[in-house]
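Asker: Structure incoming, see below.
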Amino acid sequence: MVVEKMSKDLQMRAAINQKLIEMGERERLKELLRAKLTECGWKDELKAHCKDVIREKGLEHVTVEDLVAEITPKGRALVPDSVKKELLQRIRAFLAQHSTL
C-alpha cells in the first residue's frame, strides 16, 4: 500500500514536471527563483559561506564536490519562506489552469 502510494506520487510529480517543461513554465519559475534569491541577498550569503569553507579547509584541500556537499544544506535553509510560498502559489495556479493532468 505504501509503495503503491509512493509510486503514484512519483508518477504525478513526473507528469507535473513534464507539463511544466512542455509549457515553458519551468524556465519561467527558475528565472523568478534566481531573481528573488538575488534580490533577498541569498546569493551573496551563499557566496560568503563558500569563501569561508574554502578559507577554513584550504583551497588545495577542497573539491567542487566537497564544496557542494558543504553548502547545499545551508543554501536550502537560507531560502526565505516568502520565496518558497510564492513559487508554490505559482505552481498551484499553473496546475489549476492546466488541470488536465
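Just so you know, all these numbers are worked out from the coordinates, no wet-lab data involved. Every value quoted in this text rests on a predicted model; they were computed, and no experiment measured them. Using ideal geometry, Cβ is built from the backbone for each residue, glycine included, and neighbour counts are taken over all protein chains shown.
Asker: Return the residue satisfying two criteria in turn: it lies in region 38-67 and is among the aliphatic types (A, V, I, L, M), out of contact with any Asp or Glu (no Cβ under 6 Å at 6 or more places or on another chain) and in a helix (DSSP H, G or I), and of such residues it is surrounded by the most Cβ atoms within 10 Å (Cβ to Cβ). Working first, answer last.
Answerer: Step one: list which residues in region 38-67 are among the aliphatic types (A, V, I, L, M), which gives 46, 48, 53-54, 59, 62, 64, 67.
If we keep only those that are out of contact with any Asp or Glu (no Cβ under 6 Å at 6 or more places or on another chain) as well, we get 46, 48, 54, 59, 62, 64, 67.
So of that shortlist, the ones also in a helix (DSSP H, G or I) come out as 46, 48, 54, 59, 64, 67.
Details: Leu46: 17, Ala48: 11, Ile54: 15, Leu59: 7, Val64: 7, Leu67: 15.
By that ranking, first place goes to Leu46.
Asker: Provide a single number: the residues in region 4-37 that are free of Cβ contacts under 8 Å to residues at least 12 places away in the same chain and part of a helix (DSSP H, G or I).
Answerer: Let us first name the residues in region 4-37 that are free of Cβ contacts under 8 Å to residues at least 12 places away in the same chain, namely 4-11, 13-14, 17-18, 21-22, 24, 26-28, 30-31, 34-35.
With part of a helix (DSSP H, G or I) added as a condition, the list becomes 4-11, 13-14, 17-18, 21-22, 26-28, 30-31, 34-35.
Result for region 4-37: 21.
Asker: Select from region 55-92 the residues that are charged (D, E, K, R) and within 26 Å of Ala15 (Cα to Cα) and list them in ascending order.
Answerer: Here is the first cut: in region 55-92, the residues charged (D, E, K, R) are 55-57, 60, 65-66, 70, 74, 76, 81, 84-86, 90, 92.
Of everything in region 55-92, those that are charged (D, E, K, R) and within 26 Å of Ala15 (Cα to Cα) turn out to be Arg76, Asp81, Lys84, Lys85, Glu86, Arg90, Arg92.
Asker: Here's another thing I want to ask about it. For region 68-99, which positions are aliphatic (A, V, I, L, M), exposed (fewer than 13 other Cβ atoms within 10 Å of the Cβ) and within 21 Å of Asp44 (Cα to Cα)? Give the derivation first.
Answerer: First pass over region 68-99, keeping only residues aliphatic (A, V, I, L, M): 68-69, 71, 77-79, 83, 87-88, 91, 93, 95-96.
Narrowing the set further to residues that are exposed (fewer than 13 other Cβ atoms within 10 Å of the Cβ) leaves 68-69, 77, 88, 93, 96.
Within region 68-99, Val68, Ala69, Ala77 qualify.
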